[in-house]
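Shown next, in structure tokens, is the structure this report addresses.
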Amino acid sequence: MCEEIRRAIEEMGFVQPMPVQEEVIPYLLGNSFATPHADRGSESDVIALAQTGTGKTAAFGIPVLQRIADMPRPQLGEIGRGLPQALILAPTRELCLQIADDMRDFGKYLDGIHIEAVYGGASIEQQIRALRKGVQVIVATPGRLIDLMKRGVAVLDDVRNVVLDEADEMLNMGFSESIDQILEGVPEDRNTLLFSATMSREIERIAKGYLHDPKEIVVGSRNEGAEHVNHIYYMVNAKDKYLVLKRLVDYYPRIFAIIFCRTKIETQEVADKLIRDGYNAESLHGDLSQQQRDLTMQKFRQHTVQLLVATDVAARGLDVDDLTHVINYGLPDDIENYTHRSGRTGRAGKKGTSLSIVHVREKHKIRNIEREIGKQFELGTIPSAEEICKKQLYKVMDQIVKADVDEEQIAPFMQDISRYFEYIDKDDLIKKIVSMEFGRFLAYYADAPEIEVVSSKGDRAKEKKSKEKGSHKHQASNVKHQASDGFRKLFINLGKKDGFYPGELMQFLNKNVHGHVEVGHIDLLQTMSYFEVPEEDAPRVIKYVNGQQYKGRDVRCNGAEEGGLGKRPGSRSAKSGSRSAKSASRPTKPTKPTTPTKPTKTYQKDEWMQFLNPHAMRSKGEKRPTGKELKGEVPDFSEEGWAIRKPRKKK
């Protein structure tokens with residue numbers, strides 16, 4: 001490592017490298033990564049699996065800068081003309097800015113190396129001017145980079161180092177085709193570094209397509225959760241989720257947390273409620289302008305905002321120190337998203353806690369996440385009003401005791417203060433001071449609404465009872481396909497194996513369905529998916545989506561309750577179809593019975609009574625009905641019109 005980079009690292013306060021840095025940096029610096037090569041068989045490509053917050057930026061950033069610094073003079077002349085030597089792809093704007101800032105810090109003493117971040121939501125003209133001036137490292141989101149490539153501004157002909165950071169998240173966001181398009185414009189004799197928190201089948205697929213004989217470096221275990229994070233969940237009813245959130249925030253007075261929500265609307269609603277109730281909170285989601293998002297992140301990093309309510313995409317790659325908690329306001333549909341969420345806390349060897357407020361219908365996700373991350377969830381008990389008030393009281397007392405007093409500033413006022421409080425008892429004065437700080441919690445929890453406790457054990461008992469009745473499977477199916485209020489859940493026969501992610505789903509609907517369609521929860525599986533749309537839009541979506549083509553495959557879309565058993569486009573039921581196929585394949589022949597039929601029994605006219613009165617059926621050994629229970633005369637069947645009712649006599 002050159003002296004300039006070493007000096008910058010020491011000034012940043014680095015003392016001991018993180019585990020992923022210990023593994024990756026020596027390998028890259030000591031291997032063929034340090035010099036350009038044309039032999040794609042050399043072991044220079046790397047897959048590094050490590051949790052978020054473990055120092056991955058330095059793991060790839062330092063070797064990339066070292067290689068550019070080691071370029072011979074003729075190639076430095078190329079650099080001087082502004083041709084990029086390295087490309088770093090990241091899923092979000094925030095992560096782009098963070099990586100670019102870190103890279104500038106690492107290379108601030110390297111002459112002639114310029115680093116530029118290009119991303120959506122900012123002025124593209126300004127980014128074009130920066131690229132035309134000349135850059136050596138481009139840090140980009142896939143969408144904006146493709147736009148710049150089409151305009152002929154981002155020229156990647158001399159790129160020798162490509163880094164895919166948070167590759168799993170880029171795939172989840174639907175950037176698979178964009179990555180293909182970008183890498184087609186990069187020379188084959190390149191080094192490719194892939195960094196990810198999880199190793200899914202999609203990551204293995206992208207590694208086979210883009211990397212050549214990669215070296216796999218795993219820090220910890222594959223797909224494991226963050227090592228220093230405790231996982232706690234609270235089982236609640238949907239109507240009590242916000243009340244439980246307030247109690248958890250109140251129970252941890254010194255909390256510094258990110259609250260993850262599933263949608264932008266829910267994110268803004270929760271943030272607005274917290275602000276209205278007096279909490280120091282801000283929202284972060286895609287509907288905010290880039291200026292608003294930057295300002296919010298600046299305040300959160302400076303700890304002037306205590307609670308950040310965010311969506312998964314907006315909070316991707318955030319690097320915030322001393323985050324004490326991550327709160328899941330409902331579990332994500334994708335287990336990988338939970339791994340990334342919980343990885344926001346417990347960083348750099350510190351302890352962290354992931355709290356999940358789980359709806360009763362989401363309890364199956366807990367077991368799935370436990371299997372994936374190899375860690376056990378703890379069922380938490382919702383704090384009582386008394387416990388919360390004690391915690392807040394101790395916080396106020398601790399603040400009073402530890403308050404710094406500037407003797408020189410307050411000395412001129414002490415005589416007046418002492419005279420004013422001369423006749424107030426010491427205990428009364430303490431009570432008044434504490435009540436001023438503590439009164440809000442006392443007032444709220446004195447009349448706080450009751451939260452119904454949902455027993456996880458009780459639910460399992462109910463499931464067992466339902467299973468004994470033979471209805472558990474049916475109930476589980478109903479729960480799985482139950483949509484949110486006002487929505488209907490639809491089935492589509494495309495999943496992760498087809499490269500079908502939320503981004504692809506939205507593009508597919510926008511392309512094929514006429515008019516705007518709101519999309520609710522999305523459940524992505526390997527070979528199929530479920531998604532929610534408003535009830536009034538469901539027939540329109542099914543009509544325009546069913547029968548379309550996706551990457552050469554026929555698309556089938558129907559109600560989730562039908563699953564994959566819905567009608568195929570342009571066909572009748574399988575039963576009628578098979579019948580018509582049989583009839584078309586054989587010549588017309590007279591129909592013959594395959595089995596002998598029993599002769600139809602003919603009844604005598606005096607046997608009619610057994611149909612009118614079953615109790616008068618003939619007993620064993622009798623040849624004809626007894627007719628004991630019938631009243632009146634037996635009609636004369638030989639008389640024509642015997643069954644016609646006679647007209648009633650007029651009174």
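The values are calculated or read from the model by the stated rules, or taken from the named source; none is laboratory data. Being a predicted model, the structure only gives us computed values, none of them experimental. Quick reminder, even Gly has a Cβ in these numbers, built from the backbone with ideal geometry, and neighbours come from all protein chains shown. Keep in mind that these areas ignore ligands, DNA and RNA; they rest on the heavy atoms of the full protein, side chains included. Shrake-Rupley method; radii C 1.70, N 1.55, O 1.52, S 1.80 Å.
A few comments on the model shown:
- Lone unmet requirement of (1) open to solvent by less than 20 Å² (accessible area, probe 1.4 Å); (2) over 24 Å from Gly520 (Cβ atoms) for Ile369: (2)
- For the stretch 281-296, the tally of residues that are of a type outside the set (Gly, Ala, Ser), in contact with a helix residue (DSSP H, G or I) (Cβ under 9 Å, 6 or more places away or on another chain) and either more than 13 Å from Ile259 (Cβ to Cβ) or open to solvent by 70 Å² or more (accessible area, probe 1.4 Å) (or both) stands at 5.
- Condition check for Asp537: open to solvent by 30 Å² or more (accessible area, probe 1.4 Å), charged (D, E, K, R), at pLDDT 85 or above and more than 20 Å from the chain's Cα centre (by Cα): no
- Members of the stretch 250-292 found to be within 21 Å of Gly520 (Cα to Cα), touching a residue at least 40 places away in the same chain (Cβ under 8 Å) and in a loop (DSSP other than H, G, I, E, B), listed by number: Arg262, Thr263
- Selection within the stretch 348-366: residues that are over 27 Å from Ala483 (Cβ atoms) and touching a strand residue (DSSP E or B) at 6+ places or on another chain (Cβ under 8 Å). The member of this set that is surrounded by the fewest Cβ atoms within 10 Å (Cβ to Cβ) is Lys351.
To keep it simple, each residue is scored yes or no on (1) open to solvent by 60 Å² or more (accessible area, probe 1.4 Å); (2) at pLDDT below 85; (3) over 33 Å from the mean Cα position of the chain (by Cα); (4) not basic (Lys, Arg).
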position	(1), (2), (3), (4)
Leu379	yes, no, no, yes
Asp416	yes, no, yes, yes
Glu422	yes, yes, yes, yes
Lys431	yes, yes, yes, no
Ala448	no, yes, no, yes
Lys464	yes, yes, no, no
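- Residues that are at pLDDT below 85 and either of a type in the set (D, E, K, R) or open to solvent by 20 Å² or more (accessible area, probe 1.4 Å) (or both), drawn from the stretch 302-330: Asp312, Val313, Arg316, Asp319, Asp321, Asp322
- Residue satisfying all of: in the stretch 381-414; polar (S, T, N, Q) and at pLDDT 85 or above; surrounded by the most Cβ atoms within 10 Å (Cβ to Cβ) among these: Ser384
- Scanning the stretch 497-516 for residues that are in a loop (DSSP other than H, G, I, E, B) and buried (at least 18 other Cβ atoms within 10 Å of the Cβ) yields Phe500, Tyr501, Val513.
- If only residues of the stretch 5-38 that are in contact with a helix residue (DSSP H, G or I) (Cβ under 7 Å, 6 or more places away or on another chain) and buried (at least 18 other Cβ atoms within 10 Å of the Cβ) are counted, the one that is modelled with the lowest pLDDT is Phe33.
- Thr345, sole failed condition from (1) within 16 Å of the chain's Cα centre (by Cα); (2) open to solvent by less than 10 Å² (accessible area, probe 1.4 Å): (1)
- Where Val313 falls short, out of the listed (1) in contact with a Gly (Cβ under 7 Å, 6 or more places away or on another chain); (2) in a helix (DSSP H, G or I): (2)
- Subset of the stretch 264-295 [farther than 19 Å from Arg93 by Cα, at pLDDT below 90 and among the charged types (D, E, K, R)]: Asp277
- You will find that of Lys264, Lys241, Lys273, Lys246, the residue that is buried (at least 16 other Cβ atoms within 10 Å of the Cβ), more than 13 Å from Ile382 (Cβ to Cβ) and among the basic types (Lys, Arg) is Lys264 and no other.
- The residue of the stretch 207-224 that is nearest to Phe175 (Cα to Cα), among those that are modelled with pLDDT under 75 and crowded, with 16+ Cβ neighbours inside 10 Å, is Asn223.
- Entirely in the stretch 340-441, the helices (runs of 4 or more DSSP H) that have 2 or more residues that are touching a residue at least 12 places away in the same chain (Cβ under 8 Å), closer than 19 Å to Leu307 by Cβ and in contact with a Lys or Arg (Cβ under 9 Å, 6 or more places away or on another chain): 385-402
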